[in-house]
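Following: one structure in structure tokens, then a few remarks.
The values are calculated or read from the model by the stated rules, or taken from the named source; none is laboratory data. Given the structure is predicted, the values throughout are model-derived calculations rather than measurements. Glycine also receives a Cβ, built like all others from the backbone with ideal geometry; neighbour counts cover every protein chain displayed. These area figures cover heavy atoms from the full protein model, side chains too; ligands, DNA and RNA do not enter into them. Shrake-Rupley method; radii C 1.70, N 1.55, O 1.52, S 1.80 Å.
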Amino acid sequence: MYIEHKQFLKLVSEACNMDLENTEKQLLQLVDEINQSLIDGEAYEIEGFGIFSSIVNKLMFIPSNELET
């Protein structure tokens with residue numbers, strides 16, 4: 001599945017009842033946290049969403065059982 005950045009921001013902001021600017025700031029902070037975890041050699045789990053990890057410098061995403069599309 002592919003979704004454009006602006007469309008993704010709109011969907012998340014509506015689901016979280018936040019304005020677009022705040023939504024983008026929060027998502028950038030989340031991406032920074034995920035990147036730092038991967039740099040530190042750790043996985044990053046978002047409960048109800050999935051786990052981000054790195055194997056041989058490749059990003060892996062393992063969705064949780066609760067994740068619905």
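Could you check the chain for strands (runs of 3 or more DSSP E) lying wholly inside it with 1 or more residues that are modelled with pLDDT of 90 or more and open to solvent by 70 Å² or more (accessible area, probe 1.4 Å)? Lay out the reasoning, then the answer.
Numbers: elements: 44-46, 50-55, 58-63.
Correct list: 44-46, 58-63.
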Practice prompt. Only residues that are of a type in the set (V, I, T) and in contact with a strand residue (DSSP E or B) (Cβ under 6 Å, 6 or more places away or on another chain): list them for segment 1-37, please.
Written response: I34
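Kindly indicate whether I55 is of a type in the set (V, I, T) and under 25 Å from K6 (Cα atoms). Write out each step before concluding.
Working: of a type in the set (V, I, T): yes; under 25 Å from K6 (Cα atoms): no.
In short, no.
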